[in-house]
Amino acid sequence: MKMSKTQFLANLSGSRLLHEKALGHVAELSAAADSPIELGCSIVAAGLLTKWQVEQLLVGQTNFHLGRYLLRRKVGGGGTGSVFEATHELTGASRALKVLASQLASDPVYLERFRRETRLLQSLDHPNIVKCYEAQRISDVEFLVMDLVPGMDLGQLEYPAEEVSIGLIRHLMMEIATGLAYINRKGLVHRDLKPSNIIVSSIDANAKEGWDMCLARATLALKEMSP
């Protein structure tokens, strides 16, 4: 059944995404919208919700909270689970939440390995390694709380060959090697090193030599850490 504007507003109200004042603004936007999709676009344009949040409301999703964390958008995923950008409701800190796939979260053998690897990740503290803060389980949802690293993975970067200097390549390789050397000193091995597991944060978009690299500890990289 096609969702009505009334149902969309009911979903929004039940989601606890917005406070009362913001809901009042939504009511004003609703008066000028002919459909829930048009209303959702207006809400995103007003900066009240993210595009992902509106898309989820439009398909009937109303749960956007994991404990004290508010899910803002999905930023990645794979066979082991999904990664979300989230905000802590009390501190306002932005974090990445790696939510383990439900079939794995219910597998005692995998879950024990997941928690063991989580403890290993929490012991790592290096600028070229994505920081893992804690693991939580709420009801039947198991998830990790990690640093939200701005940028994109190396596999997503597209630059003409003539713009990629030897200096840039050398810099990126040194950043990666520095992170791997740190892991090795901790007695660990990263067994899934690939472009999609390397996040590039640009300090200066016009100075590619200044890019920073972070070895991602999310999705597939997580289950490929071993002592």
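The values are calculated or read from the model by the stated rules, or taken from the named source; none is laboratory data. None of the values given here were measured: they were computed from a predicted structure. When we count neighbours, we look across all protein chains shown, and the Cβ atoms used for this are built from the backbone with ideal geometry, even at glycine. Just so you know, the surface numbers come from the protein's heavy atoms only, side chains and all, with ligands and any DNA or RNA stripped out. Shrake-Rupley method; radii C 1.70, N 1.55, O 1.52, S 1.80 Å.
Centre-to-centre, using Cα atoms only, the stretch 69-123 and the stretch 5-21 are separated by 26 Å.
Whenever you get a sec, line up T6, T178 from highest to lowest accessible area (probe 1.4 Å, protein heavy atoms).
T6, T178
If the segment from K21 to D107 were pulled out straight at 0.36 nm per residue, it would be longer than the present Cα-Cα gap by 26.6 nm. Computed over neighbours whose Cβ is under 12 Å from that of L70, the net charge equals +3, Lys and Arg +1, Asp and Glu -1. Determine the shape class of the stretch 34-183: with a ≥ b ≥ c the square roots of the Cα gyration tensor eigenvalues, call it rounded for a/c under 1.5, and otherwise prolate if a/b is greater than b/c, oblate otherwise. Because a/c hits 1.5 or more and a/b fails to exceed b/c, the stretch 34-183 counts as oblate.
Once the piece of chain linking S94 and R73 is laid out straight, how much longer is it, given 0.36 nm per residue of separation minus the C-alpha distance between them? Computed gain between S94 and R73 is 6.4 nm. Each label point was placed 7 Å from the Cα along the Cα-to-Cβ direction; for T178 and S4 their separation is 5.9 nm.
At full extension, H65 and S35 could sit 8.2 nm farther apart than now, given 0.36 nm per residue minus the alpha carbon distance. With K and R counted +1 and D and E -1, the other residues having a Cβ less than 13 Å from that of A177 yield a net charge of +1.
Return the loop-located GluC sites (Glu not before Pro) in the stretch 73-173 (DSSP other than H, G, I, E, B) with at most 10 other Cβ atoms within 10 Å of their own Cβ; answer none if there are none. Sparse-neighbourhood loop GluC sites (Glu not before Pro): E158. Neighbours of S30, meaning other residues whose beta-carbon lies under 14 angstrom from its beta-carbon, give a summed charge of -2 when Lys and Arg score +1 and Asp and Glu score -1.
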